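Notes follow the structure.
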Amino acid sequence: MLAVAILAAGKGTRMRSTLPKVLHKLNGKSILSRVLDTCFELNPDKVFIIVGHKNDVIQKSFENHKFANKINFVLQDPQIGTGHAIQVLSKELKTFKGKLLVLNGDVPLIESKTLKGLIKFHDKKQADASIITTTLENPFGYGRVFLKNDQIDKIIEEKDCNNDQRTNKVINSGIYCFDYKSLKNTLTKLTNNNSQKEYYITDAIFLLNKSVSYKIINSDEIKGINNRIQLSECEEIIQKKLTKIHMLNGVTFINPSSTTISEDCEIGKDVVIECNTHIRGKTKIENNCIIGPNTFIESSFIKENSIISNSSIYNSEIMENVRIGPYSHIRPESKISKNCKIGNFVETKNSYLSESVKVNHLSYVGDSSVGKFTNIGAGTITANFDGLKKHKSIIGENCLIGSNSVLIAPIKIGDSVTTGAGSILNKNVENNSLAISRVKQVNIKNWKKSNL
Ligand code: UD1
Ligand code: CA
C-alpha cells in the first residue's frame, strides 16, 4: 500500500502574495498541481493534500482536476509545522499499513522516475525512512543532513544550525518515504523546541532507527520554492529543458534564453524561432515555419512554411505558406487559409479568410468571411458592432475592397466586386459590381486662401 501526503498548508510568507504559494504558476500550471500530477504517475492507493492557509482557495482550484475524486484534503489549523501536518494526517491513517510518501507541495520539479527510484531504494534498504538528498553549492535555506555510519542521524534546519553545521552542503529535499508504522510511533514525540517554535517532520528522522539517504545528482528536481526568485529559477529550469528537447528534435532557437514555450507545444522540423518569441498553451507549429522575432502565440495551429513576425496570435488556425506581420493581431477563432498575407497593423477576429486573401495594411476584419483571392485595401474596417450586437460581413472571392472602405455589418458583398476607396457601405452588393459611396470630388478653380 502506498499513501502520498502533499504538504501545502503553510503560509508561504516569503512569496509576499495574496495568492497561496502553491497556486503560483510555473509554465501555466500551479506548483501544487505539478506535484499532484507527478504523484498520480505512481498509482498511489491514497492521496492527501494537507491544506490550511487559504485552504478554500486551494481546494476550489482542484474542483475540475481530472483526479478530483481521488484527492483527499486534510485541514491543518493552525499551521505549526511540517511535523504537525503529519500529526493531523495521522487521524486519517489510523488503520493504514504501508509506505507513506511525503512530498513538500512547494518542490514542483520532482520527476516520477526519481520517486519510483526512492521507493525501490526504500524497499531494498528496509528502512524506516528514506529521504531524497543532494549536495548544493549554495545550500542556503535548506535543512542540512547529517550522516552517521551511512545512515541519516539528523536533519537540522538552516535557522537552527550553528556556524559549523551551516557549512554542510548536503540538504534535505523535503521528499520522504516512510514506513508508516514506524513513523506513527515518533509523531507524538515531536517537540517544537526550535527557532521557529514549530513541529518539524525532520525531527522524526532523529527518532527513527533507520533513516537512509537517497542521493540524487540533478539538484534541479528538488528545488524548493519559497520566494519569487526561486519561482523564476524553476521556470528557467523548465524552459532550458524544453528548448533543449526541441533543439535536439530539429528546431532552431536564435536566442533560447529570450524565448518561452509551453510544455504542450509541438514544433516541427526546421522551424526557426527568432528572439523574444513566446509560445503558450496547446500550440502546434509545423515544419519550416519562421516564428518571430517578438511574437506571441497562444493555443494556435500554424501549418508548414508560414512566416510570422512581430505579431500576436490567439486560438487561431493559420494554414500553410501564410505571411503574418509585422504587427498583426490575430484574435481568437480566426482561420487564415493557405497563401494569405496579413500585413502590418491588421486585426482579425472570428473570421474565415479563404486562400490567397491579402489584407496588407491597417485593417480590422471581424466576424467576417472573405472569399479566395480577395484583396482588402489599406484601412478597411468591418464595422461589426451596432452598439448592442455583433454582425457578420460576408465578402466574396476575387474582390477588390478599396482603401478605407467601411463595411457596415450585416452586409454581403458578392464575388468579383470592387468598392471605391473611402466608401461607407451598408447595403449588400451583387456579383461583378462596383460599389461606391462617397462625395464626388469638386475642384474649384483659382481658389485663393483667405488672408488672415
Ligand atoms: C522544509 C524542510 C527542510 C527542507 C526544505 C526543502 C522542515 C522543517 N524543513 O523547509 O528541511 O530542506 O523543506 O524544500 O520540514 N507546511 C505545512 N504545514 C505547516 C508548515 C508547512 O503543510 O505547518 C508545508 C508548506 O506549505 C510547504 C512545505 O510544508 O509546502 C514546506 O514548508 P516550508 O515552510 O516551505 O519549509 P522549508 O523552510 O522550505
Ligand atoms: Ca519550502
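Just so you know, all these numbers are worked out from the coordinates, no wet-lab data involved. The shown structure was predicted, so the numbers you read here are calculated from the model rather than taken from an experiment. So basically every Cβ, Gly included, is an ideal-geometry build from the backbone, and we count neighbours across all protein chains shown.
Descriptive notes on the structure:
- Least to most buried among ARG166, ARG16, ARG280 (fewest other Cβ within 10 Å first): ARG16, ARG166, ARG280
- Projected area, mean over directions - the range 349-425, Cα convex hull, nm²: 4.2
- Counting DSSP beta bridges with both ends in the chain, the antiparallel % (nearest 5): 20
- Peptides 115-123, 294-302 ranked from most to least packed by the mean count of surrounding Cβ atoms within 10 Å: 294-302, 115-123.
- Cα→Cβ-extended label distance, 7 Å offset, between LYS215 and THR191, nm: 3.2
- If you count Lys pairs in the range 355-452 whose Cα atoms are under 21 Å apart, skipping same-chain pairs closer than 8 places in sequence, the total is 13.
- Expressed to the nearest 5 percent, the antiparallel share of DSSP beta bridges inside the range 323-377 is 0 percent.
- Residue order, fewest to most beta carbons within 10 Å, for MET319, MET1: MET1, MET319
- Take every Cα pair under 8 Å whose residues are at least 6 apart in sequence, average their separation, divide by the length of the range 72-181, and the relative contact order is 35 percent.
- Taking other C-beta atoms within 10 Å as the exposure proxy, LEU147, LEU434, LEU407 rank LEU434, LEU147, LEU407 from fewest upward.
- With contacts taken as Cα pairs under 8 Å and at least 6 residues apart, the range 361-452 reaches a relative contact order of 21 percent.
- Counting every alpha-carbon pair across the chain, the share separated by more than 27 Å comes to 64%.
- In this rough spin-label picture, where each label sits 7 Å from Cα along the Cβ direction, the ARG438-ILE245 distance is 5.4 nm.
- Relative contact order of the chain: 8 percent, from C-alpha pairs under 8 Å at least 6 residues apart in sequence.
- For the range 338-366 and the range 41-88, distance of Cα centres in Å: 48
- Along the range 56-70 the Karplus relation, 6.51 cos²θ - 1.76 cosθ + 1.60 evaluated at θ = phi - 60°, assigns HN-Hα couplings of 4, 5, 5, 4, 4, 5, 9, 3, 9, 5, 4, 10, 3, 6, 9 Hz to successive residues, with x for each Gly and Pro.
- Residues THR167 and LEU147, FRET efficiency given R0 of 22 Å [Cβ-Cβ distance, rounded to 0.05]: 0.90
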